[in-house]
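Peer 1: Just passing along the structure, written as structure tokens.
Taken together, the values in this text are just the output of simple stated rules run on the coordinates, not laboratory data. Computed from a predicted model, the values in this text were never measured in an experiment. Here the Cβ is made from the backbone with ideal geometry for all residues, glycine too, and neighbour counts use every protein chain on show.
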Amino acid sequence: MVNYEIIDSEELRMVKATLNGETVRAESGALHYMIGNIEMKTKAPSVGGFLKSLATSESVFRPTYTGTGEVIFGPPTFGEYHIMELNGNSMILDKGAYICSDEEIEVGIIRNKGLKTMAFGGEGIWQTSVSGTGTLVYYSQGPIQVVNLVNDTITVDGNFAVARDANLKYETKLLGKGLLSKFAGGEGFVNIISGTGKVYLSPIPSTFNNLASRVIGDTISGLVPFIGKN
């Protein structure tokens, strides 16, 4: 059984997967470094999967790492990594949220059919699907708030909905009725999720993410008076 751990180094977070002869699957490009006797393999996708990757700009090449040692996944971030157990259920993850999982977890790409305006809603027409039994690690910009829907609807601005149960209905549309409400209301396109199930929101960036932004902003502001003087 792969052991997953969120490690924190200088307030930057990464994911450590400790292997003892097991296999872990990861998003293409997620590897930061690895220690030990570990072999990486990348299985060629089906023709349909390859064509889907061309249409979605999402990679279907998700390498596996097998052996004994430690694999560190990243990138190092001020955001948050989350470890979740799947028990035969299916979920949909926002683009870029999937990091790694047990080999038994099936990872794919789904299209939210009939939604021509999806790209304006912040999440895109294509998203990642995960299903099966095992451990999943996903990413968000800040802490997760779980909303339990029971025959109800939640309207979410932007890409704050990081993940959701796959059985929930999902659509994107302009908020408000009438042209004036749609374009003068200030909200624009929103994502509407309805049914019975869980929605995982990340409405607030992590404290360190905000702190880093402020530090960078203050640094730039301090340099502005000196720019162009020489």
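Peer 1: Sorted from fewest to most neighbouring beta carbons within 10 Å, what does the list MET40, MET1, MET34, MET84 look like? Mind showing how you got there, number by number?
Peer 2: Values: MET40 13, MET1 10, MET34 19, MET84 16.
Fewest-to-most Cβ neighbours within 10 Å comes out as MET1, MET40, MET84, MET34.
Peer 1: Quick check on my link table: of LYS16/LYS173; LYS95/LYS169; LYS43/LYS95, which ones sit more than 29 Å apart, alpha carbon to alpha carbon?
Peer 2: Values: LYS16/LYS173 39 Å; LYS95/LYS169 17 Å; LYS43/LYS95 21 Å.
Flagged as over cut-off: LYS16/LYS173.
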